[in-house]
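The values are calculated or read from the model by the stated rules, or taken from the named source; none is laboratory data. No experiment lies behind these values; they were computed from the predicted model shown. FYI the Cβ positions are ideal-geometry reconstructions off the backbone, even for glycines, and counts take in every protein chain you see. Accessible surface areas use protein heavy atoms only, side chains included; no ligands, DNA or RNA. Shrake-Rupley method; radii C 1.70, N 1.55, O 1.52, S 1.80 Å.
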Amino acid sequence: MIKDAVDAVVKMIVAQKDYLSQLDAKIGDGDHGANMVRGAQAAVEALEELNDSELEDLKKVLQAIGEAVAMNVGGSSGPLYGTGILEAAKVADKNSALDLETLEKLFGAAISGIQRRGHAQKGDKTMLDSLIPIYETFKAGNSAGKNLVTVLTEARDAGRDGVEFTKTIAAKRGRASYLGERSIGFEDPGAVSSLLIYQTLCGYWIDSLK
Ligand code: ADP
Ligand code: MG
C-alpha cells in the first residue's frame with residue numbers, strides 16, 4: 001500500500017529530526033530536521049482527507065503530499081521538495097506500477113521541478129547531489145534492462161556516494177553558500193534527507209517484492 005510507504009518515511013523523518021538539524025547547524029541555520037518533520041506532519045494530515053480508493057492512486061497521493069509540503073514548510077527545502085513531488089504527481093499514472101521506467105519518469109520530473117525552482121546543478125552541494133545520482137542509476141539500469149532490485153540497491157549506493165561527495169565541495173546554493181569554502185568538510189543536510197527518504201522507500205519496495 002502506498003500509505004504504508006508514506007508512513008515508513010514519516011516515521012524515519014521523525015526519528016532523524018535531530019540528526020538532520022545537527023547537520024544543518026554546521027553549515028546552515030539548524031532547522032532542516034524541524035522543516036522535514038513539519039512537512040511529514042502536513043503530508044499525514046493531507047492523506048487523512050483522502051478516501052481508500054484515492055489512497056491507492058499514486059497521482060492523487062503525490063499531489064496531496066506535494067501541496068501540503070509546499071504550503072506548510074518554511075525554509076528553502078519545503079517549496080523545493082513540494083515542487084519536486086508535485087511535478088512527479090503530474091507524470092504519475094493512476095495505477096503506476098513499480099518498475100524502472102516509472103521510477104525514472106517520477107524522479108526525472110521531480111528533479112526538473114527542483115532545478116526549475118532552485119536553479120541548482122549537480123555539484124552545488126544540495127539535495128540534487130543525492131537525487132541526480134539515484135535518477136541516473138535508474139536511467140542506466142533501465143536502458144541496460146537490469147533487474148529491479150539490483151538497480152534499487154545500486155541507486156542507494158549511488159545516492160550514498162553523492163552524499164559523501166557533498167563533503168568535498170563548497171555550497172553554491174542555499175544558506176550554506178554564504179559560508180563558501182568553509183562549507184567544505186560537511187555533508188549537505190538536504191542531500192542526506194533525500195538519501196534517507198530514498199533508502200526508506202527502497203527498503204519498503206524490496207520487502208514488498210519478496
Ligand atoms: P533553509 O536552508 O531555508 O534553512 P532547510 O534547512 O530546510 O532550509 O534546507 C536546506 C537544504 O535545502 C540544503 O541542505 C539543500 O540541500 C537544499 N537547498 C537549498 N537551496 C537549494 C536549491 N537552490 N536547490 C536545491 N536544493 C537546495
Ligand atoms: Mg536550514
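Table for the structure above
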| item | result |
| --- | --- |
| Viscosity 0.692 mPa s, 37 °C: Kirkwood-radius Stokes-Einstein D of segment 74-210 over Cα pairs, µm²/s | 216 µm²/s |
| Contact order relative to length of the chain, as percent, for alpha carbon pairs under 8 angstrom and 6 or more apart | 20 percent |
| DSSP-assigned coil residues among GluC sites (Glu not before Pro) in segment 1-91, each with at most 16 further Cβ atoms within 10 Å | Glu49, Glu56 |
| Convex hull of segment 1-126 built on C-alpha atoms - directionally averaged projected area, nm² | 7.6 nm² |
| Per-residue ³J(HN,Hα) for segment 114-123, Karplus 6.51 cos²θ - 1.76 cosθ + 1.60, θ = phi - 60°, Hz, x for Gly and Pro | 5, 6, 5, 7, x, 6, 9, 10, 4, x |
| Accessible area per residue in Å² at 1.4 Å probe, computed on the chain | 48 Å² |
| Helix 32-48 vs. the chain, principal-axis angle (Cα, 0 to 90°, nearest 10) | 20 degrees |
| Carbon and sulfur %, accessible surface of segment 114-210 computed with the full protein complex present, 1.4 Å | 52 percent |
| Segment 104-181: Rg to Rh, with Rh as the Kirkwood radius over Cα pairs | 1.03 |
| Carbon plus sulfur fraction of accessible area for segment 14-113, probe 1.4 Å, in percent | 50 percent |
